[in-house]
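Below: one structure, written as structure tokens.
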Amino acid sequence: MGIYANLKIRTKLIIGFATVVSMALVIGVVGYFQIQNLNRAANHLFKMGVKPTEYIGEIAVNFERMRINLRDYIQANDPIQKSYYEDKV
């Protein structure tokens, strides 16, 4: 470390400050690209992950309708009501 020891304090401070600034710049650039990567992954997950949720909701609604129609069919006493619910099922 002979070269660094022979420098003036002003030069040492400038080299130290430049080192810190360059490290912060490198960390900032790497962080920016990682954030862009995460953003792309989140957008892909949002676009691809929402569709099945919509289908699950529709399936749940249809299942609930079928359950209610079957319940009403079982409880119906009148033949007209039975045929009505039988057609719905």
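Number of residues in the range 41-78 that are surrounded by 10 or more Cβ atoms within 10 Å (Cβ to Cβ) and basic (Lys, Arg) equals 3.
Residues that are open to solvent by less than 100 Å² (accessible area, probe 1.4 Å), at negative phi and at pLDDT below 90 are absent from the range 31-40.
The values are calculated or read from the model by the stated rules, or taken from the named source; none is laboratory data. Remember, it's a predicted structure, so these values are computed and weren't measured experimentally. No Cβ is skipped: glycine too gets one built from the backbone with ideal geometry, and neighbour counts run over all protein chains shown. Side chains included, ligands, DNA and RNA excluded: accessible areas come from the protein's heavy atoms. Shrake-Rupley method; radii C 1.70, N 1.55, O 1.52, S 1.80 Å.
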